Structures are given as structure tokens and as C-alpha cells.
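Undergrad: Before we start, here is the structure in question, set down as C-alpha cells.
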Amino acid sequence: MTEKSGADILVEALCDLGVEVVFGYPGGAVLPIYDALFRAARDGRRIRHILVRHEQAATHAAEGYARSTGKPGVVLVTSGPGATNAVTGITDALLDSIPMVVITGQVPTALIGTDAFQEADTVGITRHCSKHNYLVKDPAKLGPVIHEAFHIATSGRPGPVVVDIPKDVQVATARYAKPGPIQHKTYRPTVKADPRAIEQVVDMLAAAERPVLYTGGGVINSGPAASQLLRELARITGAPVTSTLMGLGAFPASSPQWLGMLGMHGTYEANHAMNQADLVIALGSRFDDRVTGRLDAFSPNSRKVHVDIDRSSINKTVRIDLPIVADVGHALEDMVRVWKARQHPKPDTRDWWARIAEWRAKACLSFPDSTTEIMPQRAIRALWQATHARNPIITTEVGQHQMWAAQHFGFESPNKWLTSGGLGTMGYGLPAAIGAQLGNPKALVIDIAGEASIQMNIQELATATQYRLPVKIFILNNEYMGMVRQWQELTYESRYAESYSDSLPDFVKLGEAYGWKGIRIEQPDDLDAGIAAMLDHDGPAIVDCRVAKLANCFPMIPSGAAHTDMILQANEVSGTMDDEAKALV
Amino acid sequence: MHIREEKAERHTLAVIVDNEPGILARIAGLFTARGYNIESLTVSEVTADKAVSRITIVTSASPAILEQIVAQLDRLVPVHKVRDLTAEGPHVERELALVKVQGTGDHRIEALRLADVYRARVVDATTTSFVFEVTGGIEKIDKFVELMGEVGLIEVARTGIVAIARGRDAA
């Protein structure tokens with residue numbers, strides 16, 4: 001067997017792992033890898049490289065690709081600023097459990113620690129924002145490390161893995177052979193649940209009078225089969241289903257058993273059902289603070305079952321009566337099988353559904369409509385109306401528009417909703433849409449954005465142009481960092497410190513400058529036509545939809561409040577909060 | 001508004017890890033990043049091939065946080081296993097200290113006498129100083145160091161706790 005350079009080993013390993021797309025940006029410390037990619041493509045072993053305009057966007061594009069396809073996203077960046085620019089996206093992928101492998105160049109081994117040009121301590125910086133990371137100092141270890149990195153990124157609770165490769169290791173030669181299945185000596189995630197725990201949870205479900213299935217991003221991560229099994233479990237048990245932000249789409253929004261999202265901007269019925277439930281089954285969700293609200297008032301009378309592949313998620317904030325460490329898809333399969341084998345009849349949940357119907361009657365997502373200005377909620381509903389038949393992939397930025405999209409855009413299937421949930425990264429949506437479009441060339445991909453967030457990675461307009469990606473951006477432009485302004489109204493008597501989006505660009509002209517179609521929508525009567533024009537354009541299109549400037553996102557559980565203390569309308573806002581509440585995020 | 005703190009218990013953990021670069025930073029960083037306490041941390045290779053290290057950590061936390069600490073350590077990729085020795089039952093804890101005292105006359109004699117009581121060995125001596133080596137549990141060493149304070153203590157070096165479960169089984 002002949003020896004190959006580290007760069008060639010890397011490219012061959014990526015080919016062996018089935019990598020089709022790499023999102024990256026070249027630089028001094030990764031030049032050997034870029035040359036190896038170039039030569040491999042010339043020889044017919046093509047990995048498609050997508051040149052982004054900023055390394056942060058490479059990571060979000062990889063996340064969008066991963067979340068919409070179920071395959072790991074791959075990022076290639078240079079040392080120093082290339083790596084540090086990627087840190088936000090790596091952290092984002094960690095918090096949202098997105099499988100991602102980030103390859104960073106590093107200065108040659110002899111220069112490490114000398115403050116060399118474009119040197120940063122990449123493994124040090126990413127140690128606590130990645131699932132795992134490596135500094136490879138020997139080209140012979142590069143192949144096994146790359147295979148192990150993909151194994152760790154994609155198995156168990158998925159997450160980002162960083163592989164830092166010094167430039168001399170990219171040039172030095174060694175042998176490479178494709179390894180067999182990886183049996184890691186310490187890392188062995190538990191996939192199958194304890195059968196006794198499955199029996200117990202089935203017993204609990206059969207006996208429950210007021211059950212709720214509380215689902216999360218883990219159901220999506222487990223693969224499309226898990227979403228089907230969730231639907232089956234809901235069907236045979238008759239239990240209502242709610243979901244976190246990350247789990248939207250795992251259960252169809254059109255189902256009568258769907259309660260809507262729960263938590264801070266969740267529905268009245270979902271939060272009250274959690275509050276009054278006698279059994280909560282958490283499926284691949286993690287009792288995040290946005291979901292629980294005030295912990296001591298969270299679902300006070302329920303027994304709680306938590307299915308999670310990450311043991312550390314269990315009992316982290318909420319005490320669990322029955323922990324089940326397992327892949328949620330496997331656990332759902334076992335639960336459905338045991339339920340059916342025992343021939344449990346569908347429990348009588350009529351009383352429970354009658355109470356839910358009372359909460360639903362509040363119509364908590366209704367909003368004061370207007371004929372003179374576009375209400376943002378109306379814009380989202382119009383967008384859904386015009387596109388839902390095409391089962392679009394929706395990405396978002398972070399803020400009010402994100403919550404309105406989560407509330408008003410109904411999702412029917414998994415992998416169609418890409419949003420930065422855990423880290424809340426403004427600037428996520430456009431690069432994520434680019435990644436999703438690359439993974440799903442025929443899909444309709446729309447980034448629902450705010451005018452502030454979109455500017456955080458606006459340079460990626462060029463990337464979409466370069467690769468002829470027909471992504472759409474739909475900006476709800478209210479000229480404010482709306483969620484910041486909303487909190488200032490709730491907490492600081494409307495003292496709008498720095499939340500006005502001053503000196504906005506003309507988004508239509510900006511889009512046109514990058515070769516996009518630009519569309520402006522200013523009147524409610526123009527909404528449908530504007531959306532139609534966006535959809536009719538066969539290339540990328542950016543829509544500047546001017547919406548009501550001071551609309552707020554309700555319902556809302558204010559900081560430090562319980563699920564039963566929801567604000568439904570603006571006139572319930574007092575404008576001040578005590579210090580305990582002010583100190584909460 | 002005031003910040004409340006939860007009541008803490010002191011626990012000794014044994015963490016068996018793959019001996020790879022950065023593992024100590026990974027573990028120490030986990031404690032700082034998640035706001036856990038480290039009272040003492042020791043690390044050493046424990047297998048002939050130097051592939052595995054044993055880290056002994058003494059921490060104080062509420063029972064719920066202790067459960068989190070164990071789970072968080074356990075999910076680090078290079079961690080083989082994590083044992084909460086305090087929770088699991090009887091175990092032996094030992095620490096070694098080197099204690100330097102300076103003095104002449106009665107102080108010197110008293111220092112030697114106390115060292116004898118505490119089974120401390122003299123490992124270095126000059127006409128005006130001693131270095132004592134003492135091993136034992138944390139309380140014994142604390143007490144010895146405190147007593148040396150009255151007879152010319154000038155410097156202390158302590159290893160931190162190492163611990164192992166009693167009985168025939170490995171951790």
C-alpha cells in the first residue's frame with residue numbers, strides 16, 4: 001500500500017464516509033486540503049465544496065443540511081479566525097444536537113504555541129462547545145480519527161465534532177485503509193431501553209386519566225421512523241401531543257390530537273394540559289427553561305417519564321419518576337409493540353379532551369387583525385396558505401418572527417423546520433436555508449426572517465447566487481429587534497434601549513445587487529400577490545414585508561411565571577417586573 | 001434580590017479516563033463551565049501501558065447536582081467510568097503532605113514530638129528546619145498542619161485526596 005499525504009487521506013476518508021457536500025472557506029492552513037479536493041474532483045471523486053462568505057455561515061449551512069437530510073453536515077475552515085468564526089455555529093449545533101464534523105486547519109506542529117500567524121488554540125476554544133474534539137499530530141492517525149469523528153457526531157445524542165489538523169500533518173504521508181465498523185473503547189451510547197421500564201411506562205399510560213406526550217428534537221434526530229411511531233403511539237393511546245420548538249413537525253399540526261407548541265410562546269391549551277396532566281411522557285425533549293417556566297409550578301401533579309438518549313438530560317432540572325435512557329425511536333417502537341401485544345383498549349380520555357376543548361376555546365393564537373397594516377401573524381398564515389401544499393422547508397432567524405412562524409405555520413412532517421432553538425443564534429436562517437436547499441434541491445426552502453437578524457449573515461446572499469440556489473427570504477420587517485423591544489415593554493416600561501433598527505438597507509435593492517429578485521409588500525391587500533411573485537420566481541428572492549411595527553408575540557409566559565400565568569394579549573402587560581423576574585433570561 | 005445557595009454534601013469521585021491529551025482540561029473545564037465545585041483533584045496513570053488514568057475529585061454539591069456531575073462526566077467521550085465512592089459505601093481516602101517548619105530549641109523538639117504522634121517522617125533536616133512527610137485523611141493532615149503552625153510552620157505542599165473502595169472489587 002502506498003503512502004498518501006494527510007490531505008489526501010482526509011479527502012479519501014470523507015469519500016468513504018459518503019460525504020457529498022462540504023461547506024467551507026479556504027485559507028493558509030488548509031491549502032493542502034483544498035488542493036486535494038481539487039485533484040480528487042479532477043479524478044472524478046467529487047465532493048461538492050460550497051464556498052460561503054463567512055465561516056459562521058458554513059457551520060449554519062452544515063446545520064441546515066444536516067437537519068433537513070438527517071446526514072451529518074461537514075465544514076472545512078482555516079486556522080485562527082477561520083476556526084474562531086466557526087465557534088458560534090459549533091455551539092449552536094451542540095445545543096440543538098445537530099450532527100456536524102468541523103475540520104479546521106492549524107499551524108504546523110512545530111509552530112503550535114508560538115503565537116504563529118493565524119494561530120488559535122482551536123481544541124482549547126472548542127473543547128466545551130463541541131461534543132468532542134481532536135488535534136491530529138500524526139498523519140497515520142488521521143483516517144481513524146475522521147471515521148471516529150463521524151461516528152461520534154452522528155450516534156448517541158448527535159453533536160458537533162471538531163478535528164484540528166496542523167498543516168504539516170496535511171503534507172506528511174502515511175498509509176490509509178478504510179476501517180470497519182467502529183467499536184469505541186469508551187463511547188457506547190445506550191440505544192435500547194430497559195424492557196422493564198418500557199413495561200412500566202405502558203402500564204402508566206394505560207392507567208393515566210390525563211396524559212400528555214411532550215415531544216422534542218430527539219424525535220426528529222432519531223429519524224423519520226420515530227415520527228411515524230409517535231403518530232402510532234398517539235393514535236392507539238388517544239393522548240394529546242405537544243412539542244418543543246425543536247420538535248415541530250414530528251407530529252402533524254393538522255391532527256386533532258395536536259395541542260401546539262408548549263412553553264414561553266406555546267399555546268394556552270398545551271401549557272394548561274401540562275399543568276393539569278397526571279402523566280407527562282417526555283420523548284426526546286429536555287425540560288428546557290423556555291418550556292418549563294417557573295420550575296416549582298411546572299406540571300405539579302403529574303408523574304413524569306423521560307425518554308432521552310443522554311442520561312445527563314434526565315433529572316437535570318425536573319425530577320423524573322421513570323427515567324428511560326434510550327434512543328427515542330427504539331423506545332417508541334417498544335412502547336407501541338408492548339401496548340399492542342397486551343391488547344390494551346384505547347383509554348377513555350373523553351373528560352380530559354373536554355377540558356382541553358375549554359382551553360382551546362380561548363383561541364389563544366387569535367390576534368387583532370387590521371386592514372391598514374400587515375399583522376405579522378397574518379403574513380405567516382398567508383405564507384402557509386400559499387405554500388403548505390408543497391411541504392416547504394422553513395428556516396428562521398431568532399426573535400418574534402421565529403415564534404410567530406412556530407405558532408402560525410403548521411408543520412406536517414419532520415425535517416422541515418430548521419431553527420436555532422437552544423443557542424438562539426440570529427443569522428442562522430439564511431445559511432441554514434442554503435444548506436437545506438443543497439440537501440434538497442427540489443424543495444421549496446424559505447427563510448422567515450426579521451430585518452435585524454437577516455443582517456447578521458446577509459453576505460450569504462452571494463453564496464445562493466453563486467450556486468443558483470432558489471432560496472426565498474421572507475422578512476417580517478417591523479424596524480425593531482422585536483423581541484428585545486417586547487421585553488422592554490414588559491419589563492422596563494417601554495424604555496427602548498437600542499432596539500430600533502435604524503439605517504436599514506433597502507432590502508429590494510440589496511437583493512438586486514446580489515442578483516436576487518427583490519419584492520416589497522407594504523399593504524395587506526398586496527400580501528398574497530407579493531408571496532405569489534416570490535414563489536413564481538425560479539431563482540432566489542428576498543421579500544421585504546413591512547408589518548405592524550409594535551405588534552407583540554402572544555401568548556407568553558413571562559420570566560419566572562408558571563404555565564397558568566400566561567399573558568394572552570397586550571393589555572395584560574403591566575410594564576414592570578420584580579428583580580427576581582428581571583434576573584431571569 | 002439576593003442569590004441563594006443550596007446545601008452541599010462533600011463527595012469523592014473516582015473517574016477512570018483514557019489517557020489522552022487535554023483530558024484533564026476537559027474535566028476541569030466541565031466543572032467551571034457548569035458551576036460545580038472542585039475541592040481537590042488528583043490525576044495519575046494507573047495501568048502498565050499508561051493508557052488509562054484515574055482522576056480523584058472531591059466536590060461539594062447538593063444531591064441533585066451530584067447526580068448531574070456524575071452524568072455529565074460519564075458522557076465525556078474519553079471517560080471509561082465514574083464512581084461516586086462516597087455514595088457507594090466504605091472507602092479509604094488518603095492524602096500526603098510535605099510540611100516545612102523552621103525553628104530552634106524547644107520549637108524544634110516540640111515539632112519532632114508532634115511529628116511522632118502523627119507518624120510523620122522527617123525527610124529533610126537542617127540545623128534550623130525540618131521537612132515532614134505525613135499521610136492520612138484530610139482531617140488528620142489539617143490538624144497536623146494546624147499544630148505545626150505553632151512551632152514554626154513556613155510551607156506546606158499537599159497532594160490532594162486519592163481514594164479507593166474497600167473490599168475485593170475494582171471500581
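Undergrad: Of these, B:V151, B:V145, B:V162, which one is touching a residue at least 24 places away in the same chain (Cβ under 8 Å), β-branched (V, I, T) and in contact with a helix residue (DSSP H, G or I) (Cβ under 6 Å, 6 or more places away or on another chain)? Quick ask: steps written out before the conclusion?
TA: On the way: B:V145 fails: in contact with a helix residue (DSSP H, G or I) (Cβ under 6 Å, 6 or more places away or on another chain); B:V162 fails: in contact with a helix residue (DSSP H, G or I) (Cβ under 6 Å, 6 or more places away or on another chain).
Going through B:V151, B:V145, B:V162 in turn, the sole match is B:V151.
Undergrad: Only one of these conditions is not met by A:T154: (1) closer than 23 Å to A:M246 by Cβ; (2) among the hydroxyl-bearing types (S, T, Y); (3) within 11 Å of another protein chain (Cβ to nearest Cβ). Which number is it?
TA: With respect to (1) closer than 23 Å to A:M246 by Cβ; (2) among the hydroxyl-bearing types (S, T, Y); (3) within 11 Å of another protein chain (Cβ to nearest Cβ), A:T154 is out only on (3).
Undergrad: Any residue that is surrounded by 24 or more Cβ atoms within 10 Å (Cβ to Cβ) and among the aromatic types (F, W, Y) - is there at least one of those in the stretch A:35-56?
TA: No, every residue in the stretch A:35-56 fails to be surrounded by 24 or more Cβ atoms within 10 Å (Cβ to Cβ) and among the aromatic types (F, W, Y).
Undergrad: Checking A:K178 against (1) in a helix (DSSP H, G or I); (2) more than 21 Å from A:V325 (Cβ to Cβ), which single condition isn't satisfied?
TA: Among (1) in a helix (DSSP H, G or I); (2) more than 21 Å from A:V325 (Cβ to Cβ), A:K178 violates only (1).
Undergrad: Is one or more of the residues making up the stretch A:163-186 among the small types (G, A, S), touching a Gly at 6+ places or on another chain (Cβ under 9 Å) and within 14 Å of chain B (Cβ to nearest Cβ)?
TA: Taking every residue of the stretch A:163-186 in turn, none turns out to be among the small types (G, A, S), touching a Gly at 6+ places or on another chain (Cβ under 9 Å) and within 14 Å of chain B (Cβ to nearest Cβ).
Undergrad: Name the single residue that is farthest from B:I65 (Cα to Cα) among those in the stretch B:31-46 being away from chain A (no Cβ under 14 Å) and not in a strand (DSSP E or B). I'd like the intermediate steps shown before the answer.
TA: Let us first name the residues in the stretch B:31-46 that are away from chain A (no Cβ under 14 Å), namely B:37-46.
Subset that is not in a strand (DSSP E or B): B:37-39, B:46.
On the way: B:N37: 10, B:I38: 13, B:E39: 15, B:V46: 28 Å.
Once the filter is applied, the top-ranked residue is B:V46.
Undergrad: If we keep just the residues of the stretch A:297-319 that are more than 25 Å from the chain's Cα centre (by Cα) and part of a loop (DSSP other than H, G, I, E, B), which is nearest to A:G238 (Cα to Cα)?
TA: Step by step, filter the stretch A:297-319, then rank; the result is A:S302.
Undergrad: When the residues of the stretch A:282-308 are narrowed to those that are closer than 12 Å to A:V212 by Cα and either among the aromatic types (F, W, Y) or touching a helix residue (DSSP H, G or I) at 6+ places or on another chain (Cβ under 7 Å) (or both), which ends up surrounded by the most Cβ atoms within 10 Å (Cβ to Cβ)?
TA: Once the filter is applied, the top-ranked residue is A:L283.
Undergrad: Out of the residues in the stretch A:544-583 that are within 23 Å of the chain's Cα centre (by Cα) and of a type in the set (A, V, I, L, M, F, W, C), state the one that is nearest to A:V291 (Cα to Cα).
TA: A:I557
Undergrad: Hey, among A:A93, A:A41, A:A58, A:A83, which residue is outside the structural domain of A:G249 (by TED's automatic domain parsing) and in contact with a Pro (Cβ under 6 Å, 6 or more places away or on another chain)?
TA: A:A93
The rows are residues; the columns are (1) in the same structural domain as B:I38 (by TED's automatic domain parsing); (2) closer than 26 Å to B:E45 by Cβ.
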| position | (1), (2) |
| --- | --- |
| B:A61 | yes, no |
| B:L66 | yes, no |
| B:Q72 | yes, yes |
| B:R75 | yes, yes |
| B:V99 | no, no |
| B:I109 | no, no |
| B:D116 | no, no |
| B:R121 | no, yes |
| B:A125 | no, no |
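Here is a yes/no grid of residues against (1) farther than 22 Å from A:G28 by Cα; (2) outside the structural domain of A:V87 (by TED's automatic domain parsing):
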position: A:K137; (1), (2): no, no
position: A:L142; (1), (2): no, no
position: A:I146; (1), (2): no, no
position: A:A149; (1), (2): yes, no
position: A:T154; (1), (2): yes, no
position: A:P160; (1), (2): yes, no
position: A:D164; (1), (2): no, no
position: A:P181; (1), (2): yes, yes
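Undergrad: So which residues in the stretch A:70-93 are in a helix (DSSP H, G or I) and crowded, with 24+ Cβ neighbours inside 10 Å?
TA: Keep residues of the stretch A:70-93 that are in a helix (DSSP H, G or I), which gives A:81-93.
Across the stretch A:70-93, the qualifying residues are A:G82, A:A83, A:A86, A:G89, A:I90, A:D92, A:A93.
Undergrad: Of all residues in the stretch B:1-30 being of a type in the set (D, E, K, R), under 16 Å from B:I65 (Cβ atoms) and in contact (Cβ under 8 Å) with a residue 12 or more places away in the chain, which is nearest to the other protein chains (Cβ to nearest Cβ)?
TA: B:E6
Undergrad: Quick test for you: out of A:I448, A:I458, A:I454, A:I473, pick the one residue that is farther than 24 Å from A:E373 by Cβ and not in a loop (DSSP other than H, G, I, E, B).
TA: Only one candidate qualifies: A:I458.
Undergrad: Exactly one of these conditions fails for A:R290: (1) at pLDDT 95 or above; (2) away from chain B (no Cβ under 14 Å); (3) part of a helix (DSSP H, G or I). Give me its number.
TA: (1)
Undergrad: Can you work out which of the residues in the stretch B:47-82 that are among the basic types (K, R) and either within 14 Å of chain A (Cβ to nearest Cβ) or buried (at least 19 other Cβ atoms within 10 Å of the Cβ) (or both) is nearest to A:I320 (Cα to Cα)?
TA: Taking the stretch B:47-82 first, the residues among the basic types (K, R) are B:50, B:54, B:75, B:81.
Right, trim to either within 14 Å of chain A (Cβ to nearest Cβ) or buried (at least 19 other Cβ atoms within 10 Å of the Cβ) (or both) and you get B:54, B:75, B:81.
Details: B:R54: 31, B:R75: 19, B:K81: 23 Å.
Only one residue fits best here, namely B:R75.
Undergrad: Looking at the stretch A:312-322, which of its residues are surrounded by fewer than 22 Cβ atoms within 10 Å (Cβ to Cβ), touching a residue at least 24 places away in the same chain (Cβ under 8 Å) and not hydrophobic (A, V, I, L, M, F, W, C)?
TA: A:K316, A:T317
Undergrad: I'm told B:A120 meets every condition in (1) among the small types (G, A, S); (2) crowded, with 18+ Cβ neighbours inside 10 Å; (3) within 14 Å of chain A (Cβ to nearest Cβ) except one. Can you identify the failing condition by its number?
TA: So the condition that B:A120 fails would be (3).
The values are calculated or read from the model by the stated rules, or taken from the named source; none is laboratory data. Fair warning: this is a prediction, and the values are worked out from it, not measured in the lab. Using ideal geometry, Cβ is built from the backbone for each residue, glycine included, and neighbour counts are taken over all protein chains shown.
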